[in-house]
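Okay, structure first, notes after.
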Amino acid sequence: MYSPFRHIISVLWKHKPVHLTVFLTKRCNLRCSFCFYPVRKESSQVGRDKKHTEFSNGVNLSSDADNSKIPPYPPLAKGGRGDLVSVPTQEGELTLNEIEKLSSSMGRLLWLAFSGGEIFLRNDIVEITKIFYERNKPSIILLPTNGLLTDVITTKIEAILKHCSKSTIVVKLSIEGTEQMHDSMRGKGSFQKTMQTYHALAKLIENYPNFELGINTVFSSANQDNMDEVIEFVSKLDKIKTHTVSLIRGDVSDAKLKDVDVEKYRETIRKLESNLKNKKAPIYRFRGARLKAAQDIMQRRLIHETMIQKRQLIPCYAGRLNLVLTETGDVFPCESFIPEMRMGNVRDEGYNFKRVLMNERAKRVIHSIQNNGCFCTHECYFMTNILFNPRMYPALLKEYLQV
């Protein structure tokens, strides 16, 4: 297995990205009102034009639903099967050839995270994963999904597991609550389809020691009163190794969902911490899993404190250790998709990440992060900011010994 400890040099030398998030597509078979990366009607690149954006607050997956206004996606037949062969790559999305070129310009990765959109609407997701695996040797590969395309997801994940045997493959299924709450947020019928995918993927656990299965829940005003219920539900899913609760963020279609109760978030993270320390919640199986669990505890506390103080609490390494690549080739230091944070485009720089990072625009963006004190509550960036900051190690060790 590719050890995550290969990247320890980056604790001292923070000039080489070790965490890459790749947005593979904007396409999605749901329209969630809490999504910060929505499908837009026009073809302008993400973050550049917010005019004429159309959203729907959910998709009814029942057979009698009227979803005529939703763009065509793979039909969801009984059992969650989608006809992906008939879905072309959206115009402007990076092709396999382009991905192969850009991946060759990067070094080894600690963490490769795919995002979207629904990533399994890319027919070539297995081939994309193989490219990054062979060229960048990521210790961990994260594949989040809404779980609707059961057969497609299961088949493609097993193919990835077989080929990428030296990387830890993490699949995160989205569950926002028990059935009634989840369906009210993601669309009628979506809960049962996601659970079908959970049961199908669970069968792979014993055959692939590099496979980790988790759940992600978005904490919003809609489900903040039901967090104990969803935590209890997830704890009974015996093949789940991690449950993350991500605070709603970004430019969402229903701004009221961001009106969260800070105290209720604090109660939720305390519950998750207690479950970890009392051995009521499992942790990953990969080497360094206890350290990751300790980091999760610290990360949630810092997010809570950031919500209160509304300022940058610890140095941010976005743009130095973290990079984000959109489906059209834009490069950002993080998932703050505003024009001012755009560092460049790989298509303009010969698919060379190093050339993107060396241009003056990228240098200005990185400088602004270091000196202007921007702040956010994004979990992935707190992860890097904790693990690669020696000043955090005493507190991290304290939590490590209790997990």
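The values are calculated or read from the model by the stated rules, or taken from the named source; none is laboratory data. No experiment lies behind these values; they were computed from the predicted model shown. Every residue, glycine among them, receives a Cβ derived from its backbone with ideal geometry; neighbour counts consider all protein chains shown. Surface accessibility is based on the protein's heavy atoms, side chains included, excluding ligands, DNA and RNA. Shrake-Rupley method; radii C 1.70, N 1.55, O 1.52, S 1.80 Å.
Miscellaneous remarks
- Residue in segment 253-268 that is closer than 24 Å to residue 143 by Cα and either β-branched (Val, Ile, Thr) or open to solvent by less than 10 Å² (accessible area, probe 1.4 Å) (or both) present: no
- Scanning segment 240-269 for residues that are of a type in the set (A, V, I, L, M, F, W, C) and in a loop (DSSP other than H, G, I, E, B) yields 240, 248, 252, 260.
- Within segment 223-239, considering residues that are assigned to a loop (DSSP other than H, G, I, E, B) and touching a helix residue (DSSP H, G or I) at 6+ places or on another chain (Cβ under 6 Å), the one most open to solvent (accessible area, probe 1.4 Å): 239
- Verdict on residue 190 being of a type in the set (Ser, Thr, Tyr), crowded, with 23+ Cβ neighbours inside 10 Å, over 17 Å from the mean Cα position of the chain (by Cα) and over 22 Å from residue 327 (Cβ atoms): yes
- Verdict on residue 360 being open to solvent by 20 Å² or more (accessible area, probe 1.4 Å) and under 21 Å from the mean Cα position of the chain (by Cα): no
- Taking the criterion of being of a type in the set (Gly, Ala, Ser) and either touching a Cys at 6+ places or on another chain (Cβ under 6 Å) or in a strand (DSSP E or B) (or both), the only residue of segment 186-222 that qualifies is 214.
- Residues of segment 123-138 satisfying the condition of being within 16 Å of the chain's Cα centre (by Cα) and touching a residue at least 60 places away in the same chain (Cβ under 8 Å): 125, 138
- Count of segment 288-313 residues, restricted to those that are open to solvent by 30 Å² or more (accessible area, probe 1.4 Å) and over 17 Å from residue 214 (Cβ atoms), is 8.
This table checks each residue for (1) in contact with a Leu (Cβ under 8 Å, 6 or more places away or on another chain); (2) among the acidic types (Asp, Glu).
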| residue | (1), (2) |
| --- | --- |
| 296 | yes, yes |
| 301 | no, no |
| 325 | yes, no |
| 335 | no, yes |
| 373 | no, no |
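- Whichever residue in segment 272-287 is within 22 Å of the chain's Cα centre (by Cα) and part of a helix (DSSP H, G or I) and, among such residues, is surrounded by the most Cβ atoms within 10 Å (Cβ to Cβ): 276
- Residues of segment 243-291 that are more than 18 Å from residue 308 (Cβ to Cβ) and among the hydrophobic types (A, V, I, L, M, F, W, C): 252, 255, 257, 272, 276, 281, 283, 286, 289, 291.
- Against the numbered list (1) in contact with a strand residue (DSSP E or B) (Cβ under 6 Å, 6 or more places away or on another chain); (2) crowded, with 19+ Cβ neighbours inside 10 Å, residue 316 comes up short only at (1).
- All positions within segment 364-393 that are open to solvent by 90 Å² or more (accessible area, probe 1.4 Å) and part of a helix (DSSP H, G or I): 364, 367, 370, 371, 372, 391
- Residue match in segment 150-170 (condition: buried (at least 21 other Cβ atoms within 10 Å of the Cβ) and acidic (Asp, Glu)): no
- Of all residues making up segment 324-340, the number that are at pLDDT 95 or above and of a type in the set (Ser, Thr, Tyr): 2
- For segment 94-125, a residue qualifies if it is part of a helix (DSSP H, G or I) and open to solvent by 10 Å² or more (accessible area, probe 1.4 Å), and the qualifying residues are 96, 97, 98, 100, 101.
- Residue list for segment 33-54, filter: open to solvent by 20 Å² or more (accessible area, probe 1.4 Å) and at pLDDT 50 or above: 35, 36, 39
- Residue in segment 277-284 that is charged (D, E, K, R) and in contact (Cβ under 8 Å) with a residue 40 or more places away in the chain present: yes
- For residue 321: the one exception among (1) without any contact (Cβ under 8 Å) to a residue 40 or more places away in the chain; (2) in contact with a strand residue (DSSP E or B) (Cβ under 7 Å, 6 or more places away or on another chain): (1)
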